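A quick write-up on the structure given underneath.
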Amino acid sequence: MEPTNSRGTSLRERIIRGNSLKGSLSLKGNSNSRWTSNDGEIFNRSTRDEDDEEALKWAALEKLPTFDHLRKGLLFGSQGVSAEIDIHDIGFQARNKLLERLVKVADEDNEKLLLKFRQRIDRVGMDLPEIEDMLNSLHILPSQKRKLTILDDVSGIIKPCRLTLLLGPPCCGKTTFLLALAGKLNSALKVTEKVTYNGHEMNEFVPQRTAAYISQYDLHIGEMTQRNLGILCQMPGKKLVELSRREKAAKIRPDPDIDIFMKALATEGQEAVFVTDYVLKLLGLDICADTMVGDEMIRGISGGQKKRVTTGEMLVGPSKALFMDEISTGLDSATTYSIVKSLRQSVQILNGTAVISLLPPAPETFNLFDDIILLLDEKVVYQGPREDVLGFFESMGCRCPDRKGVADFLQEVTSKKDQQQYWVRRSETYLFITSKEFAEAYQSFHVGRKLADELAASYDKSKSHPAALSTQKYGIGKKQLLKVCTERELLLMKRNSFIYIFKFIQNMIMAVITMTLFFRTKMPHDAIEDGGKYAGALFFIVILIMFSGMIEIGLVIYKLPIFYKQRNLLFFPSWAYAIPSWILKIPIAFVEVGLWVFLTYYVNGFDPSLVRLFKHFLLLILVTQMTSGMCLFIGAAGRTMGVANTYGTFALLLLFGLGGFVLSRDDVKKWWIWGYWSSPLMYSMNSVLVNEFDGKRWKHIAPTGTDSLGVAFVRSRGFFPNAYWYWIGVGALIGFTIIFNIFYNLALAYLNPFGKPQGMISEDSDDAKTTNTEKEVSTSEGQNKKKGMVLPFEPHSITFDEVTYSVDMPQEMKNQGATEDRLVLLNGVSGAFRPGVLTALMGVSGAGKTTLMDVLAGRKTGGYIEGSIKISGYPKKQETFARLCGYCEQNDIHSPYVTV
């Protein structure tokens, strides 16, 4: 099918028209050149020289081997002079200038860029892959407990090159419908029938790589910036080789800027950067590209910008089918229109497939869609062209008023309280039309009959493009996956450096306390009782090292929701996420343990041998790694702080109780001896004791025995005194470290977040029916009732004058050339809120609405606030103002364990 725009012009006609226009312009230029003066010949000769030079450079590029040809291109400067560059060496400034030439104004230039892209592909006779999504009698309900239908007998076809809008009231099944299309339904749901892509069932390809589901929930790591959202981009570029080969055979010279852009998309190391910059420009996020996303504890971007980041995170991928759930929440109508317009251009020009669920959009946004799907009470009551939707409801007796938005009409005409106002058959008695009646009428409507005929005809699989459906689980190799995840983990560690700096300071403070607590002015080694002091100091050190690793539990659980989202979308496997989080912490462990050991070892009076010092250091390094692996596993298995802390504390108690120091091996009951042998603390304590008490100062014979004093003490504590037990402990700790990290990887791979699919049952129509008379009676009774006691309430006015809010300039923006020390978010804002007057605070996404309300409500704990805020003429005091101010934040933060 040939994609068309809103005026009915086909894509091929627009491309031909563009070529004709270019030819006419060139002819016009030639005709004008006849009348140029001799002075103008100088400039014409200069232009011809530049064209000849450019032709020579293109000829040189075409002679290069295919591999080198794909790595080089001609980049034009500000004065139009081209230069040959290597795609790998494109810097930040050159990349920005190239993108500025291609997409200077996103609303105007994006379509031109896509048309150039499509024109280049069409000239060599290549086809773009496309996806047709088909549902046939889809029925979804929970597999356990009470039967609750979520989607009932839903059938339809999502066609390529057409933008589809999904409408429906809350709790009608829109999210479940999109998840079913994307192949991401919860396994606890029972699904009958099937969803096919180009005639292929879900088990014949990888739906997570073929389709992208964009959730309505914004889950992001607060320390990441928008520019970092493409760090996991997986863009295969194998088609460019074939495209370049065909162009070379046909002697076609591509547009230089488009050539560099497409080569960068296929070049390893540059694809994520170019796609990310393009998507940021498209979504209007380039102005805050280097600002952290933020969360409840980190100051970041606005809610509307965060919603666009959620959309952009999936747009940077290679998916040809997009299923977007409530992407306009928190966005102004102009931004929503711009995003939908860009998506429409991409879908129609590049043969994409997209279904977008929105709250009733503005009329201009609604008119961008080609097809409409209307869901009501688990049923599809209409699916078809946007132009025919009003005709369907008119055939049912409901007409949209002339000055009424069609999207609002579709939302209200199916509602019980609003449907009657659109009833136009005055000669007939009005009866509420249910969703079942709408669905049955749609089957006999001409659009429904046409859809049924298309569903009855099976899709010819031979027509499916080989590249349309992805059969590879991940878009890049294992080495590249590990590299990308390592880079991201290293970036997060840098931005969380305060945690590790705090740990270093904490360890230094504890080291000073340990030095004063176990300070040795005299170091007796004469009796077994003297060894108890050294053993106590060693046990204290091992326990402190183990407790310092408990911070990993919180860090793991904090990032788990984002990990689950990206794991389910096949951004990376669990092992690529788990290995860097373990390996990159090893250098930190060396510094942390080194500070401790080299501060305390000699002050505490341990064996002065340098060899035993480094053996002591090595053992504590392994204890740190073992504890880190154990805490990573506890966090991944617990999945919430409550569960992880409960079981983590229980595990530590078992380690301490069965570690051989609190309770000697001889005192452990035989049914608990397995716990003694499986305790990492036992091997740690045995090794550290052997390392100390096998020294020269403990070699003399004990007064009451035949063994040396060190051996006698170690044996009296129930440990093994042989020197080789140090290396047994080292091997055991290495083994425990590997085992715990393997368990951590398995927990990440196979465990899912706590929770279960919940359904909301709408009120039955019979229970909800009330006659008009009953409503009038209840209304009149409510009006006649006297009001109860009215609490005293004193109205207040709020005035603010020249309020300025600024923060320290982020380091990322300084690196990009910003010279100011502060970033101003509010600049001289003044206004007043009067009692009895309802005020609407409006502005585009990112304008500072939330920031202003945070400043007025006293929620800002950082930054610099200037200006005056007064309550009824008095300066605002936050201590008393907080008692009379109620602030409903944009983010929904609730306890997940309580009911409404």
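The values are calculated or read from the model by the stated rules, or taken from the named source; none is laboratory data. Values in this document were obtained by computation on a predicted structure and should not be read as measured data. When we count neighbours, we look across all protein chains shown, and the Cβ atoms used for this are built from the backbone with ideal geometry, even at glycine. Just the protein is used for accessible areas: all its heavy atoms, side chains included, with ligands, DNA and RNA removed. Shrake-Rupley method; radii C 1.70, N 1.55, O 1.52, S 1.80 Å.
Miscellaneous remarks
- Accessible surface of Phe539, taken over heavy atoms with a 1.4 Å probe and every protein chain present, rounds to 40 Å².
- Cleavage-rule hits, GluC sites (Glu not before Pro), segment 825-897, DSSP coil, Cβ neighbours within 10 Å at most 15: Glu889
- Taken over segment 374-471, the alpha-carbon convex hull comes to 147 cubic angstrom per residue.
- The residues of segment 414-537 expose, per residue, 64 Å² of accessible area to a 1.4 Å probe.
- Checking every one of the GluC sites (Glu not before Pro) in segment 445-542 against DSSP loop status and a limit of 11 other Cβ atoms within 10 Å picks out no site at all.
- Inter-label distance for Lys533 and Asn827, nm, one decimal - labels placed 7 Å from Cα along Cα-to-Cβ: 6.9
- Prolate is the label for segment 495-627, because the ratio a/c of its alpha-carbon gyration tensor axes (a ≥ b ≥ c) is 1.5 or higher and a/b is greater than b/c.
- Heavy atoms of Lys379 accessible to a 1.4 Å probe, total area in Å² rounded to 10: 50
- For segment 406-553, the fraction of 1.4 Å probe accessible surface lying on carbon and sulfur atoms is 60 percent.
- Theoretical FRET efficiency, 1/(1+(r/R0)^6), r = Cβ-Cβ of Leu517 and His446, R0 60 Å, to 0.05: 0.10
- Loop sites in segment 518-558: trypsin sites (Lys or Arg not before Pro), DSSP, at most 10 other Cβ within 10 Å: Lys522
- The residues of segment 171-220 expose on average 41 square angstrom of accessible surface per residue, using a 1.4 Å probe on protein heavy atoms.
- Take segment 243-381 with all the other protein chains still there, run a 1.4 Å probe, and you get 31 Å² of accessible area per residue.
- Shape call, segment 259-369: gyration tensor on alpha carbons, a/c limit 1.5: oblate
- Distance violations [Cα-Cα > 24 Å] among Lys63/Lys112; Lys306/Lys494; Lys478/Lys585; Lys72/Lys251; Lys248/Lys479: Lys63/Lys112; Lys248/Lys479
- When the solvent-accessible area of segment 268-360 is split by element, carbon and sulfur atoms take up 56 percent of it, the probe being 1.4 Å.
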